[in-house]
Amino acid sequence: MHILRPKGTNDILPSEINKRQYIENMFRSYSVLFNFKEIRTPAFEKTELFSRSIGELTDIVSKEMYSFNNNEFTLKPEMTAPVIRAYLENKLCNISPVQKLFYISNMFRHERPQAGRFREFSQFGAEIIGTSEPIADIELIVFCNFFLKKLGLSNIVIKMNNIGNLNERQEYIKILKQYFLRNREYLSHDSIKRLDKNPIRILDSKEKQDKEIIDNSPKIFDYLQESSINHLNSVMKGLDGLGIEYIIDYKLVRGLDYYTSTTFEIISEDLGAQNAVLGGGRYDTLVEQLGGKPTSAIGFACGIERLLMIMIKNNFKFPVENRIDLYLISNNIAARSKCLEIALKLREHGVICELDLAGRSIKSQMKEANRINSAYIIVIDETELESSYVKIKNMDSGNELEYNINDILNFNFKSHENKAG
Ligand code: HAM
């Protein structure tokens, strides 16, 4: 019996890889434009890093982590905690007080797989560490919006909230819990489960039954102090000034405990139930929580699979893979060596060459050259071996040109590129 891939994981085949590479390359180049520097961290970390930062009671830590070695290590379910761990461990704050870092990496969460929700998925994201100024929030949201717009996403909505600092939130959660307790009998089963340990997450519930109760629940804004309100107003003003549209959603609390102050998500109608393509926010106490000096920070991460779903749905024109320039066909050992020699010479000059590696007949090699859509072919047999001339055949026009092999570098094997499209 064939062994199949684990549930909730994906094979990314050569026919699909160009789409991911496109997104990754674009994200890298736009990160450079905004002066973010790339960071890479291990695939697994000490479990404690995630339980301390994401929070013991969150879905991720309580039931979705891939932990091993007696729970000592965990495959990373997200990147913010590893980035902050690396920031502290490598004393990046000594290099510059404000660090702008970006990453592209695979994440692992033991979730129930469904459309847009996997057990292994990829994220790209960025973190600005070392500033509490609202301009950092604006810069980050601008970056997200700028990048998604460059990828042709038009049907997206930015949702934003301010969930206050720890004191404000504690006060709010107390009131919120009392409110939900008073309405306990009307809440859904899942919300009742959250009531005791994480009542704020009830605001996230998508259950119809909870809607009215949530709509009438106390709002965080009534519990924010002046500095939090000013922060939110400054971020809103900055976005307004740049013409970036957003909606304020007081229910946007996010599923990770490290968040403080600004939270945001970008959602798309083109996704199903899992409609968030990107999420992020401030985490002004995380650095300290992990043993560093008080350091404010903000970041976001975007799910590449969800982004791809939207782009494919919108018929985004991904660049096609480079066409093979030349297929070298041979019919015996000596001719094959000659093909290798010519291919190497041409590859040194950027010509994309392929040759037969399976000892196939000339006819099958011709078929293969057609199948892979090679722009040109050259057949080497006894005649070509004896003379210094080869015939270069243009596969589009069928024209053949006799060419001196010693001058082969002068032939333009890339001429087909000008005709593309
Ligand atoms: P998150 O909301 O857990 O935030 O994930 C960010 C994005 O990753 C989601 O919007 C979604 O596109 C994608 N994603 C999450 N889980 C899955 C899944 N199971 N399958 C497919 N895609 C998924 C974070 O991870 C935070 N670390 C973001 C952040 C960075 N906050 C501050 N800095």
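Every number here is computed from the coordinates shown, using simple stated rules; none is lab data. Quick caveat, the model's predicted, so the values are computed rather than measured. Heads up, the Cβs are rebuilt from the backbone with ideal geometry, glycines too, and the neighbour counts pull from every protein chain shown.
A few points about this structure:
- Springs between Cα atoms under 10 Å define the GNM used for the chain, and in it the highest mean-square fluctuation of LYS100, LYS159, LYS363 occurs at LYS363.
- Scattering profile of the stretch 143-253 at q = 0.14, 0.18, 0.20, 0.22 Å⁻¹ [log10 I(q)/I(0), Debye over alpha-carbon scatterers]: -0.68, -0.94, -1.04, -1.13
- Working value for the stretch 235-317: equivalent-ellipsoid semi-axes of 27, 17, 12 Å, each the square root of 5 times a Cα gyration tensor eigenvalue, largest first.
- Applying Stokes-Einstein at 25 °C and 0.890 mPa s to the Kirkwood radius of the stretch 1-149, computed over alpha-carbon pairs, gives a translational diffusion coefficient of 143 µm² s⁻¹.
- Qualifying trypsin sites (Lys or Arg not before Pro) in the stretch 179-216, where qualification requires a DSSP coil assignment and no more than 13 other C-beta atoms within 10 Å, comprise LYS206.
- Partners for LYS393 among lysines (Cα-Cα distance below 27 Å; same-chain residues under 8 apart left out): LYS338, LYS345, LYS363, LYS367, LYS414, LYS419
- For the stretch 65-118, the list of GluC sites (Glu not before Pro) that fall in a loop by DSSP and count at most 14 other C-beta atoms within 10 angstrom reads GLU72.
- The stretch 294-421 - convex hull of alpha carbons, volume per residue in Å³: 208
- Backbone HN-Hα couplings from phi across the stretch 221-230 [Karplus 6.51/-1.76/1.60, Hz, Gly and Pro as x]: 4, 6, 10, 7, 7, 4, 5, 5, 5, 4
- Remark on the chain: Rg and Dmax equal 28.1, 95 Å (Cα only).
- Reciprocal of mean inverse Cα separation for the stretch 182-340 (Kirkwood radius, Å): 20.3
- Around TYR389: net Lys/Arg minus Asp/Glu count, Cβ-Cβ under 12 Å: -4
- Measuring nothing but how far apart in sequence close Cα pairs (under 8 Å, 6+ apart) lie, relative to its length, the stretch 315-389 scores a relative contact order of 47 percent.
- Cβ-based exposure ranking for THR260, THR383, in which fewest neighbours within 10 Å come first: THR383, THR260
- Ascending count of other beta-carbon atoms within 10 Å, so fewest first, for LYS177, LYS149, LYS393: LYS149, LYS177, LYS393
- Degrees, to the nearest 10: 166-182 long Cα axis against longest axis of the chain: 70
- Compactness index (Cα Rg / 2.2 N^0.38 Å), the stretch 138-191: 1.80
- In order along the stretch 146-156, the phi-based Karplus estimate (6.51 cos²θ - 1.76 cosθ + 1.60, θ = phi - 60°) of 3J(HN,Hα) comes to 4, 5, 5, 5, 5, 8, x, 7, 10, 7, 10 Hz; Gly and Pro are listed as x.
- Sequence of ASP407, ASP284 once ranked by neighbouring C-beta atoms within 10 Å, starting from the fewest: ASP407, ASP284
- ³J(HN,Hα) computed for each position of the stretch 345-358 - Karplus, 6.51 cos²θ - 1.76 cosθ + 1.60, integer Hz, glycine/proline x: 4, 6, 4, 4, 10, x, 7, 7, 10, 9, 9, 6, 10, 10
- Cβ-defined net charge surrounding ARG323, 10 Å radius [Lys, Arg +1; Asp, Glu -1]: -2
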